[in-house]
Amino acid sequence: MKKIVKKGLLAEMGFTKGGGTINWFPGHMAAATRAIRDRLKVSDLVIEVRDARIPLSSANEDLQPMLAGKRRVIALNKKDLANPNIMQKWICYFDSCKQDCLSINAHSKGSVMKLLIKCKCFDLGFRPKLLALVEFKLKELISREPTLLVMVVGVPNVGKSALINSIHQIASSRFPVQQKMKRATVGPLPGVTRDIAGFKIAHKPSIYVLDTPGVLVPSIRDIETGLKLALAGSVKDSVVGEERIAQYLLAVLNTRGTPFHWKHLDDRRMEGLLVESDEKHEYNLKDLLPKRKPLDRSGVRYIEDLVTEVQRALFVPLTDFNGSLEDETDLEILIEQQFEALQKALKIPQKASEARTIVSKKFLTLFRTGRLGPFILDDVPDVSDSVS
């Protein structure tokens, strides 16, 4: 399966060629990019936040030359959505390239504390990994500089503002803050943070953290990189098209043989013997997004059954598939069959207007919230390759 991907089949398929080069560079991104470049010159440390599911694709290539010359920690956020076994290989890869790197969950204070110790922002008397790395990177500067500037950068929707908020919550419990800090805006849509804002998080030395808007390169010329960014939510769905993104996800799952792993599910799930509830469900998949109300028992069962139906909708057509996954036409036929099965599984009326768009949105939500399992879309490069 890996051979199929490496041959570049996905990059040659109709859904990748149809939309052409992906461009999403609103006016505020151009201004923000210039401001980020200026502030990078005076920053003492940079925390570059990337999406753990796309450790290379979520790097802003235009900023890499400047970042390479700075004290930098790469924080691979959303580790809860990434395959932990492959994640460890990525950490080893960055280590081999002599680049400090740590996987984090920006919504977890414990995870963020590890980052801060790594960056030497706090001296807490213990050394969780992330804080230990920040601590080490700033150790020499703290001894001689009265004021330090830490800059947080990254492409849209990788969790920069969530990280900033967690840093502030940790800092405010340990250091007196002279004035109340305005929380950074956190949302599921890319491009929420539009202004560069600075927050003081510590005294003696004074440490300031700059939160920056997510910025992309003006034009993403590598189509598959653009689709990965869109799938992870760093590019607005409307720019690429929900159906196109869903087709790409299906192509990835099929060429990796992921649905075959689902055949090992328990009898209840594989046989489709879903437990019926007396309660009527009027559940919205948007409720799976962060910061929404936790699911009750009925909601959990509803989602479990829905995921089961979606997995079966992909598994059964792939099992019956007689074509070649290495053939573009055959793979597109399979994807079309799976789309039809998904529409039935998600109970979208056949004649509903924009039915395929609705199917795509629901399918993408299940992937992005980790309901289909943990994934890493980027392949780990050979250790001889340099860090992007």
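The values are calculated or read from the model by the stated rules, or taken from the named source; none is laboratory data. What you are looking at is a predicted structure, and each value in this text was computed from that prediction instead of being measured. FYI the Cβ positions are ideal-geometry reconstructions off the backbone, even for glycines, and counts take in every protein chain you see. Surface areas here come from the heavy atoms of the whole protein model, side chains and all, with no ligands, DNA or RNA. Shrake-Rupley method; radii C 1.70, N 1.55, O 1.52, S 1.80 Å.
What the table shows:
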quantity: Criterion: at positive phi and not hydroxyl-bearing (Ser, Thr, Tyr) - qualifying residue of 109, 98, 79, 70; calculated: 98
quantity: Residue 138 vs. criteria over 16 Å from residue 154 (Cβ atoms) and modelled with pLDDT under 80; calculated: yes
quantity: Residue match in segment 51-68 (condition: of a type in the set (Lys, Arg) and out of contact with any Lys or Arg (no Cβ under 7 Å at 6 or more places or on another chain)); calculated: no
quantity: Yes/no for residue 331 being in a helix (DSSP H, G or I) and more than 17 Å from residue 260 (Cβ to Cβ); calculated: no
quantity: Filter result for the condition that a residue is at pLDDT 80 or above and open to solvent by 20 Å² or more (accessible area, probe 1.4 Å), over 110, 154; calculated: 110
quantity: Every residue from segment 98-107 that is surrounded by fewer than 15 Cβ atoms within 10 Å (Cβ to Cβ) and either touching a residue at least 24 places away in the same chain (Cβ under 8 Å) or in contact with a strand residue (DSSP E or B) (Cβ under 7 Å, 6 or more places away or on another chain) (or both); calculated: none
quantity: Criterion (assigned to a loop (DSSP other than H, G, I, E, B), modelled with pLDDT of 75 or more, crowded, with 21+ Cβ neighbours inside 10 Å and among the aliphatic types (A, V, I, L, M)) met by exactly one of 210, 229, 216; calculated: 216
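Residues are listed down the side, and each one gets a yes or a no for (1) closer than 16 Å to residue 243 by Cβ; (2) surrounded by fewer than 18 Cβ atoms within 10 Å (Cβ to Cβ); (3) at pLDDT 95 or above; (4) not assigned by the TED database to the domain that holds residue 231:
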position: 294; (1), (2), (3), (4): no, yes, no, no
position: 312; (1), (2), (3), (4): no, no, no, no
position: 316; (1), (2), (3), (4): no, yes, no, no
position: 348; (1), (2), (3), (4): yes, yes, no, no
position: 377; (1), (2), (3), (4): no, no, yes, yes
position: 385; (1), (2), (3), (4): no, yes, no, yes
